[in-house]
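The values are calculated or read from the model by the stated rules, or taken from the named source; none is laboratory data. Remember, it's a predicted structure, so these values are computed and weren't measured experimentally. Here the Cβ positions follow ideal geometry from the backbone for every residue, glycine too, while neighbour counts run over all protein chains shown. Just so you know, the surface numbers come from the protein's heavy atoms only, side chains and all, with ligands and any DNA or RNA stripped out. Shrake-Rupley method; radii C 1.70, N 1.55, O 1.52, S 1.80 Å.
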Amino acid sequence: MKRRFDKYFPWLFTTSDFIISLLSLLALNLILSFLGIFEGAEFDAFLPLSLLWLLISSLRKDYKIGRTDEYERTLSQLLVTVFWFVGASAILWLPFQTPQLQVIPVLTLGIGMLVLMGAFRIAVHMSLRKYRAKGHNFQNAVIVGKGGTSPKLADVFRIRKDFGINFLGYFDDQANCNQTRGGIADFFKEASSLDLDLIYIHEHLEPKLVKKVIDFADENYIKVKMIPGGSLQLEKNLSFSKYGEFFVINVNEIPLDSAFNSLAKRLFDVIFASLVIVFILSWLIPLVGLLIKWESKGPVFFIQKRNGVNNKEFNCLKFRSMTPNDYADSVQAVKNDPRVTRIGSFLRTTSLDEMPQFINVLLGDMSIVGPRPHTIPMNKTFKTQIERYNSRHKIRPGITGLAQVRGYRGEIENPFQIRSRVRLDSFYINNWSFLLDMGIMIKTIHELVFNRENAY
């Protein structure tokens, strides 16, 4: 039953995906026509679009929803599919429906498909998890070798029933517990009768035995996975590099090391920052500048040296919110700080003082989302107090960040706050995704409206 399900699921998924895409396109046609964004089209016009969606989705193998995949990966897969679909639609279809290519209908089509198809894909993913949690569509697995991190993996199988992995036990020459089925030699005798799908190999197993297990698995069409040692059980996805026939593990590779991910993030930063500069800063800078000059003497902008990517220094821009003083770089603002002006207090409370940093984003010094940059004296202090503090400078600093939306914003009053910031920054760097950025941006808006306690 489990293999039958795996065999027919791709066909079931692609068929339902095609039907839902067609219904989504028809629904979007009605909605966008009602809003006046899109001229209504006949049903025949959407059938080729759904076939195009089916082609792209099939080529990208979106039906491959891994047992251990999180919902975030399903949505990221969909995002790329929507990107290709919108691009292909704009090239192949829209020019034949309208006199000229229109940007707004293309973008609304993409956003609509992302929302509607996203709901469908997540529903499919959730259904698969529930189905597997009830004991269906499982895969049989054993662990060859016990000790180290292998018991933790067995605990994962026990707790995460939704993975659909039926753990049958260990084969080990030394371990003797109720889950041990026998020694290593017993594995080769019994494995054929266990109907195995997965073999997990303990990291300390002898190389000769590892090769023997892999050869056995190849002959019997069983997948093999190696359990990394405790030092590699990090909060990140490990990847591999190949040097001829030799493989090495990329231990500290991060998502933004990928050229595609880096380009996508930078492209979004440039587009978003340009829109903010043209439509907001173009009038906000003169207005705020007049108010700052009216209240106190000094420059409109406060320019401060901060550490950016790879610890490179850059000039961070802010609206000046204090009277000019000699302690701006070394002494953080505190509640009721006498240095803060009246207009400065309003700017800091609303975070409007950070708005000029969109210029830093456009210049490439910063990103919209990333670890917040600290002053150079603060960095020198924290570097000596907190382990791996400098790792937060692997990527461009951000106007907002994960730590800020989790409540670690404003003055640092105790060591716990900066340690928590660094921990959240590290998580963000190692788990970056476009959807995570979008979530942080939405949460930032919520925090600015409803939670301004630490902004002063």
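A count restricted to segment 275-319 and to residues that are without any contact (Cβ under 8 Å) to a residue 40 or more places away in the chain, surrounded by 13 or more Cβ atoms within 10 Å (Cβ to Cβ), out of contact with any Ser or Thr (no Cβ under 8 Å at 6 or more places or on another chain) and not in a strand (DSSP E or B) stands at 3.
Of the residues making up segment 257-274, just one is exposed (fewer than 13 other Cβ atoms within 10 Å of the Cβ) and not aliphatic (A, V, I, L, M), namely F260. Taking residues in segment 123-136 that are β-branched (V, I, T), and partners anywhere that are assigned to a helix (DSSP H, G or I), the pairs with Cβ atoms closer than 9 Å and at least 6 places apart or on different chains are V124/F13; V124/S16; V124/D17; V124/T74.
From the list K146, K130, pick out the single residue that is basic (K, R), touching an Asp or Glu at 6+ places or on another chain (Cβ under 8 Å), in a helix (DSSP H, G or I) and open to solvent by 40 Å² or more (accessible area, probe 1.4 Å). Walk me through how you get there before you give the answer.
Details: K146 fails: in a helix (DSSP H, G or I).
Going through K146, K130 in turn, the sole match is K130.
Residues that are outside any helix (DSSP H, G or I) and within 24 Å of D437 (Cα to Cα) within segment 374-389 comprise H374, T375, R388, listed in sequence order.
If you go through segment 181-211 and pick out every residue that is more than 13 Å from A141 (Cα to Cα), in contact (Cβ under 8 Å) with a residue 24 or more places away in the chain and over 37 Å from the mean Cα position of the chain (by Cα), you end up with 3.
Within segment 361-368, is there a residue that is modelled with pLDDT of 90 or more, outside any helix (DSSP H, G or I) and open to solvent by 40 Å² or more (accessible area, probe 1.4 Å)? Yes, segment 361-368 has at least one match.
If you go through segment 246-274, how many residues are part of a helix (DSSP H, G or I), among the polar types (S, T, N, Q) and free of Cβ contacts under 8 Å to residues at least 12 places away in the same chain?
First pass over segment 246-274, keeping only residues part of a helix (DSSP H, G or I): 255-257, 259-274.
From what's left, among the polar types (S, T, N, Q): 261-262, 274.
Within this subset, residues satisfying the condition of being free of Cβ contacts under 8 Å to residues at least 12 places away in the same chain are 262.
Matching residues across segment 246-274 total 1.
Only a single item in (1) more than 26 Å from the chain's Cα centre (by Cα); (2) over 18 Å from I222 (Cα atoms); (3) surrounded by 15 or more Cβ atoms within 10 Å (Cβ to Cβ) is not met by D173, and it is number (3). If only residues of segment 390-414 that are over 17 Å from N431 (Cα atoms) and not in a loop (DSSP other than H, G, I, E, B) are counted, the one that is most open to solvent (accessible area, probe 1.4 Å) is N390. In the set (1) at pLDDT below 85; (2) loosely packed, with under 15 Cβ neighbours inside 10 Å; (3) touching a strand residue (DSSP E or B) at 6+ places or on another chain (Cβ under 8 Å); (4) under 30 Å from A141 (Cα atoms), K223 fails one condition alone, (1).
Within segment 415-440, the set of residues being surrounded by fewer than 17 Cβ atoms within 10 Å (Cβ to Cβ) and aliphatic (A, V, I, L, M) comprises L435, M438.
Quick check on segment 28-72: of everything there that is among the aliphatic types (A, V, I, L, M) and modelled with pLDDT of 85 or more, which residue is farthest from the chain's Cα centre (by Cα)?
Looking at residues that are among the aliphatic types (A, V, I, L, M) and modelled with pLDDT of 85 or more, I get L51.
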